[in-house]
Amino acid sequence: MEINLEKLEVIHNPTENRFETWIDGYLSKLDYIQDGKNFVITHVGVHPEFRGQGVAGKIVQVGLEYAKEKGVYIELFDPCHRLDRNISERLVRDRLLDKLFISLDAATKTTYENIRVGADFDMVLANIKNLVEFKRKYKTSFPEIAFHYIISKDNYTEVPKFVELVYNLTRRENIGIMFTHILHPFEEIKDKVFILPEDIKKEAVKIAKKSKIRLIWGKNARDVKQNIEKCTEWTMPFIFSDGSVIPCCAGNEANRREFQVKYRLGNILEEPFEKIWNGPKFKTLRDLVHEGKVPIQCRDCPGYEVPDNK
């Protein structure tokens, strides 16, 4: 069934803290929690029969419109696979986003499509150009654009060229690029882990200074780590597509999904997020962290000192 997104009606259900749409009797929805100017999307679900047609994007767009009406600051990470001209123009014209981190890990088509199998490098670049074009058309600084690049053995040589690519795509000041390394060298990707050589880093910095692009070098997980009592990452929980709530995203790169689901803090498909946040599992986790002890959910943390990671 082909869906006409322009005619798709998304209804706000404030009683359930939900935006929803019904297609052929099947529900697709966005759940959220709101406290004053804090607006958190906790789940977006589309019936399997209608996935891949932009339904999720339509619901999120309506949710963002509502959030902006309430004065909420909105920052998103996105690979720009589906950021077409219509969506870009509306995001810019109606200022639905404050900041957009574009997740892009290569400067050439071959490398990008080798890393992101099934993606279209040319389409992604075209989508980014459209976004920049509309920002100029409407003479606005929003959304602020930044880029995120994960360094690996497959793409480290393209770091300087990526800085040039970003400049050519945007031609604007106040553009930032965040470079990070792979945090967990688990078995399936341990051959991809690579620390950027200093000479390549210096070349990238030189190009960035000339182009007035800000570079941010993410913390290397192999550096000396602080005690876990310094951790505040649990204030930004991560939610899997099955509804599982985990303390943060840092453990994801350990490639131990079954472990994470087993020790999850709750499931938003089964109970409200507020109940999970204030529940015994999350309270125990916070108490242990504050005491400098490591909760079971944090055993794979790459950022702080844990028993297997000293």
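The values are calculated or read from the model by the stated rules, or taken from the named source; none is laboratory data. Quick caveat: nothing in here was measured; it's all calculated off a predicted structure. All Cβ positions, even for glycine, are placed from backbone atoms using ideal geometry, and neighbour counts span all protein chains on display. Accessible surface areas use protein heavy atoms only, side chains included; no ligands, DNA or RNA. Shrake-Rupley method; radii C 1.70, N 1.55, O 1.52, S 1.80 Å.
Quick notes
- Candidates L288, L104, L30: whichever shows maximal mean-square fluctuation once the chain is modelled as a Gaussian network with Cα springs under 10 Å: L288
- Distance between region 11-78 and region 133-179 - C-alpha centres, whole angstrom: 28 Å
- GNM flexibility winner over the chain from G292, G52, G218 (Cα, springs under 10 Å): G52
- Calculated over region 204-310, the projected area of the Cα convex hull averaged across directions stands at 8.7 nm².
- The distance between label points at F77 and N114 comes to 2.4 nm (points 7 Å beyond Cα on the Cα→Cβ vector).
- Whether region 1-84 is rounded, prolate or oblate, judged on the alpha carbon gyration tensor where a/c under 1.5 counts as rounded: oblate
- For the residues I189, I150, I268, a GNM of the chain with alpha-carbon springs under 10 Å puts the largest fluctuation on I189.
- Two-site label geometry, K262 and R95: point separation in nm, points 7 Å out along Cα→Cβ: 5.0 nm
- A cut-off of 5 Å between modelled amide H atoms, ignoring neighbours fewer than 5 places along the same chain, links L8 with no other residue.
- Of all complete DSSP H helices in the chain, those with a Cα span along the helix axis of 18 Å or greater and a mean Kyte-Doolittle hydropathy of -0.5 or more are 55-69, 121-137.
- For region 33-135, the fraction of 1.4 Å probe accessible surface lying on carbon and sulfur atoms is 49 percent.
- Per residue convex hull volume, Cα atoms of the chain, in Å³: 154 Å³
- Per residue value of the accessible surface for region 68-150 (all protein chains in place, 1.4 Å probe), Å²: 50 Å²
- Ranking of V163, V40, V261 by solvent-accessible surface, largest first: V40, V261, V163 (1.4 Å probe, protein heavy atoms only, all chains present).
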